[in-house]
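The block underneath contains the structure these notes are about, expressed in structure tokens.
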Amino acid sequence: MEYTVQKLARMAGVSTRTLRYYDEIGLLEPARKNSSGYRIYGREEVDKLQQILFYRELGMDLDSIQKIISNPSFDGPSALRMHREKLLARRRQLDLLITNVESTISAAEGKSTMADNEKFKGFKQKLVDDNEQQYGEEIRGKYGNDTVDKSNAKMLNMSEEKYEEFKSLEQEVLDALAEACEAGDPSGELAQKTADLHKQWLSFTWPAYSKEAHAGLAQMYVDDERFAAYYEKACVGGAKFLRDAIVIYTGVEPESSFE
């Protein structure tokens, strides 16, 4: 079956403007244009749009989606299975948070008691699950399942106080990085303070700290655009600046993650 822009937009729940934009950037081109110049979409384009919307629902930007689905080795059925796993993980996260809210309401009404550490269980589990979805494959490939599993367990077993310290320190690292970037010297006092704060932050979840692992992780921040985007929040080129500061801090020169 074939669809015009209006019919496909209505069926998919998107705007016609969105479909036209996807065509303009080469993300989703129509199968053909009819004699009147209208875009016509077929089954292949419908399936492709479904994949695009799945990736958008998972928070991925259009450039990343285009790289994935335009790759000659892209496997539609495998991608759908991956979407399913990520959606199931999201459902588990929501179920956990709902249970947490219900338990909190019950405790507030005096119907039950709730330990302080239980109040943060859902948030910590969500953080672990989010990290697994976004970076799990790369991190496990670099550091091994045992290290990652121990790190996740350390996160989930954090006390309320430790968890609050962990989140506070995360923001402190970004704030310090912004100041250090402005100073512009990765070997300077501000940059080295940032590297030390980053080490402290990692130590909340890492089973054991090593200079080599710290430098290797910093290199991964530069090599992987998803990691880099996180530190770009602090300043333009934040991931590279932090990598340079950590290399000086540790005295270890890492190899590229993609070599």
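According to the square roots a ≥ b ≥ c of the eigenvalues of the Cα gyration tensor, what is the shape class of the stretch 177-231, taking rounded for a/c under 1.5, prolate for a/b larger than b/c otherwise, and oblate for the remainder?
Here the stretch 177-231 falls in the oblate category.
On a C-alpha basis, how far is the centre of the stretch 216-256 from the centre of the stretch 24-100 in Å? Whole number, if you could?
Result: 30 Å between the Cα centres.
For the stretch 139-214, with all protein chains present and a 1.4 Å probe, just round the carbon and sulfur fraction of the accessible area to a whole percent.
Roughly 47 percent of what the probe reaches on the stretch 139-214 is carbon or sulfur.
Applying 1/(1 + (r/R0)^6) with R0 = 30 Å to the Cβ-Cβ distance of Leu87 and Glu161, what FRET efficiency is obtained, to the nearest 0.05?
The formula returns an efficiency of 0.35 here.
Spin-label point model (7 Å from Cα, Cβ direction): what's the Arg43 to Asp95 distance in nm?
Output for this residue pair reads 3.5 nm.
With the full set of protein chains in place, find how many percent of the accessible area of the stretch 22-99 is carbon and sulfur; take the probe as 1.4 Å.
Heavy-atom surface of the stretch 22-99 belonging to carbon and sulfur, 1.4 Å probe: 49 percent.
Which order, highest average first, do 73-80, 56-63, 23-30 follow once you tally other Cβ atoms within 10 Å for each residue and take the mean per peptide?
Ranked by mean Cβ neighbours within 10 Å, highest first: 23-30, 56-63, 73-80.
If I stretch the segment between Asn145 and Arg32 completely, what's the gain in nm (0.36 nm per residue apart, minus their alpha carbon distance), one decimal?
35.9 nm
Heavy atoms only, 1.4 Å probe, whole protein assembly: order Asp223, Asp175 by accessible area, highest first.
If we order Asp223, Asp175 from most to least accessible, we get Asp175, Asp223.
The values are calculated or read from the model by the stated rules, or taken from the named source; none is laboratory data. As the structure is a prediction and not an experimental result, all values here were calculated from the model. Because the Cβ atoms are built from the backbone with ideal geometry, glycine has one as well, and the counts that use them run over all protein chains shown. SASA here: full protein model, heavy atoms, side chains in, ligands and nucleic acids out. Shrake-Rupley method; radii C 1.70, N 1.55, O 1.52, S 1.80 Å.
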